[in-house]
Amino acid sequence: MTPARSPLDARIRRALRDDRGAMSLFVLVTVVALFLVAALVYDGAGRLRALTHAEGVAHEAARAGGQAVDAGKAISGGGITVDRNAAVAAARTYLSRAGVSGTVSVSEDGASLEVDVTGSYRAVFLAGASGTVTGHGSANLVYRG
């Protein structure tokens, strides 16, 4: 035997039945929003990683070029400067081995080297987040004798 149901129980059941499917829409919107946030975080982190890589390569290429000291001038006492051709070649070699493109320039006095790197980032989820990244590095020749 089942207990008798009151009219109040029937009204409550009818009222609860009216909200069927409302939670499903809320869950759908929430899940889509969470996936969008996850895509933003993932692609943003990837772009930041590409930018950090470009900066690191630019700094390392500048350091590699800065190692090319003009030995003839230094030995004869004419000052410590970089050999322009060797410095540019060393920096460009480093850039090509790293798989990026960039520009290398030596200052007029030969005491500093500037490297600008251009790379690209392709977003995985958000096509609008794709683009180019740039990095800048410099090396200053310091002699402490």
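The values are calculated or read from the model by the stated rules, or taken from the named source; none is laboratory data. If you're wondering where the values come from, they're calculated on a predicted model, not measured in any experiment. For neighbour counting, all protein chains shown are included, and Cβ atoms are generated from backbone atoms with ideal geometry for every residue, glycine included.
Odds and ends about this structure:
- Matching entry among Ala58, Ala38, Ala87 (being modelled with pLDDT under 95 and small (Gly, Ala, Ser)): Ala87
- Residue satisfying condition, being in contact with a Leu (Cβ under 6 Å, 6 or more places away or on another chain), crowded, with 18+ Cβ neighbours inside 10 Å and under 13 Å from Val106 (Cα atoms), within set Ala68, Ala91, Ala62: Ala62
- Complete set of residues in region 107-140 that are aliphatic (A, V, I, L, M) and modelled with pLDDT of 90 or more: Leu113, Val115, Val117, Ala123, Val124, Val133, Ala139
Here is a yes/no grid of residues against (1) free of Cβ contacts under 8 Å to residues at least 24 places away in the same chain; (2) within 15 Å of Ser138 (Cβ to Cβ); (3) β-branched (Val, Ile, Thr):
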{"site": "Asp43", "(1), (2), (3)": "no, no, no"}
{"site": "Ala50", "(1), (2), (3)": "no, no, no"}
{"site": "Glu55", "(1), (2), (3)": "no, yes, no"}
{"site": "His59", "(1), (2), (3)": "no, yes, no"}
{"site": "Thr81", "(1), (2), (3)": "no, no, yes"}
{"site": "Ala111", "(1), (2), (3)": "no, yes, no"}
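- Residue match in region 91-108 (condition: assigned to a loop (DSSP other than H, G, I, E, B) and either over 27 Å from the mean Cα position of the chain (by Cα) or farther than 28 Å from Val41 by Cβ (or both)): yes
- Qualifying position, being surrounded by fewer than 13 Cβ atoms within 10 Å (Cβ to Cβ), within 27 Å of the chain's Cα centre (by Cα) and part of a loop (DSSP other than H, G, I, E, B), among Val142, Val124: Val124
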